[in-house]
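Only one structure is covered here, and it is reproduced in the block below.
The values are calculated or read from the model by the stated rules, or taken from the named source; none is laboratory data. Predicted, not measured: the structure shown is a model, and the values here were computed from it. Quick reminder, even Gly has a Cβ in these numbers, built from the backbone with ideal geometry, and neighbours come from all protein chains shown. Note: accessible area is taken over every heavy atom of the protein model, side chains too, but ligands, DNA and RNA are not part of it. Shrake-Rupley method; radii C 1.70, N 1.55, O 1.52, S 1.80 Å.
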Amino acid sequence: MNLRSLVSQARRILIMGHQNADPDAVCAMAAMKSLISSINSDVEIEMVADDVSRLSIQVMGVLAPEERISEDVKGDHDLLVLLDTNSRYQLGDRFQEVPQNPEYTIVIDHHEPNPDIDQLSLHTLVRSDRYSTCEIIADMFDENEIKMSSGIASLLLTGLLFDTRRFFYSDTITLRTALALLERGANYDDCVRSLIIQPDRSERIARLTAAGRLKIHNVGNWVVVTSKVRAFEASACRALIDVGADVAIVGGRPDKNQVRLSSRSTREFSRETRVNLGADVMEPLGPLIGGKGGGHANAAGANGVENLEEALTRAVDLIRMAVEREAGKNTGDT
Ligand SMILES: [Mn+2]
């Protein structure tokens, strides 16, 4: 991707993150804005996401209070930059049609590439081996020989800290990037502090509700749990992993026309079973709930409109099948 030439030809650029933008998304967006302004100071830049997470709002408040991420596309644009997602579907219902011309759409992301990515963008930088989009943006400053301010270094380090769960998921390259950001003036205390948040009351109630409605399924020696909440299904999954599940699948039903599924697994589970919650579970569940699913090996989700109960049952079946399939492969090898 030739960022410099794309940005130099543009007059108005729209930078978008995924729906319910997390700190990796918003920090990458703000850093990208700075990178683009350094390349072309005449260009107008708008940042938009369908819903910015409460934690992201806090992060931006601490680290970049002057930046605004709008929840509506206000003006026109001649270049679109999508960050921390590589599918139009992840932009949220209202923004599905925002990406129009693949020739004027840039995608920078660290999730698994969606098979239709060519129809979305001809300028993609998808590095599934990276733990955060912020790492990729940090590299882009170097590649384009743009000097990074300490404030931008702090933003990028914060996104990296969030997506790696403060270095729980990490490798040499990630650690090296973090060190480089500190050397460029990132304030580690501010970064860590900006990410500390007490879940609000409704989120804590959702976590407790998920625990109360829990169903336990034994899959071999693994403990798979399912539950249902109205909202905060991802948070509920993390809570259930914390209390001892190997895999948690939580269905959310914010209203009667919406079904959301979230899933998490421990690293031990995915390492030993090689089950990928995105490809093996959430992708095949998409059609059943009248929507789409996807994600990572350890964290995946799906959005749709119907069949929540069936989907939870089916999710456990899919996990069981995937565990057995992988176990079969292993014995086949030896
Ligand atoms: Mn991310």
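Run down Arg213, Arg238 and say which single residue is over 16 Å from Asp317 (Cβ atoms) and touching a Ser or Thr at 6+ places or on another chain (Cβ under 6 Å).
Arg213
Considering every residue within segment 37-52, establish whether at least one is among the hydrophobic types (A, V, I, L, M, F, W, C), within 16 Å of the ligand (Cβ to nearest atom) and in a helix (DSSP H, G or I).
no
Is at least one residue of segment 320-334 under 21 Å from Ser235 (Cα atoms), touching a strand residue (DSSP E or B) at 6+ places or on another chain (Cβ under 9 Å) and either β-branched (Val, Ile, Thr) or in a helix (DSSP H, G or I) (or both)?
no
Of these, Gly328, Gly301, which one is open to solvent by 20 Å² or more (accessible area, probe 1.4 Å) and either touching a residue at least 12 places away in the same chain (Cβ under 8 Å) or assigned by TED's automatic domain parsing to the domain that holds Arg54 (or both)?
Just one listed residue meets the conditions, Gly301.
Counting only residues that are away from the ligand (no atom under 16 Å from the Cβ), open to solvent by 60 Å² or more (accessible area, probe 1.4 Å) and either in a loop (DSSP other than H, G, I, E, B) or in contact with an Asp or Glu (Cβ under 8 Å, 6 or more places away or on another chain) (or both), how many does segment 96-134 have?
Residues flagged as away from the ligand (no atom under 16 Å from the Cβ), open to solvent by 60 Å² or more (accessible area, probe 1.4 Å) and either in a loop (DSSP other than H, G, I, E, B) or in contact with an Asp or Glu (Cβ under 8 Å, 6 or more places away or on another chain) (or both) within segment 96-134 amount to 7.
Of the residues Val7, Val62, only one is assigned to a helix (DSSP H, G or I), open to solvent by 20 Å² or more (accessible area, probe 1.4 Å) and either among the hydrophobic types (A, V, I, L, M, F, W, C) or modelled with pLDDT under 95 (or both); which?
Val62
Restricting to segment 139-159, count the residues that are within 16 Å of the ligand (Cβ to nearest atom) and open to solvent by 10 Å² or more (accessible area, probe 1.4 Å).
Qualifying residue count for the region: 1.
Can you tell me which residues in segment 162-180 are under 22 Å from Ala21 (Cα atoms), free of Cβ contacts under 8 Å to residues at least 60 places away in the same chain, of a type outside the set (S, T, N, Q) and part of a helix (DSSP H, G or I)?
Hit for segment 162-180 is Ala178, nothing else.
Restricted to segment 10-36, and to residues that are in a loop (DSSP other than H, G, I, E, B) and within 16 Å of the ligand (Cβ to nearest atom), which residue is nearest to Leu120 (Cα to Cα)?
His18
Those residues that are assigned to a helix (DSSP H, G or I), under 17 Å from Cys237 (Cα atoms), touching a residue at least 40 places away in the same chain (Cβ under 8 Å) and of a type outside the set (Val, Ile, Thr), I need them from segment 278-298; list them, please.
Gly278
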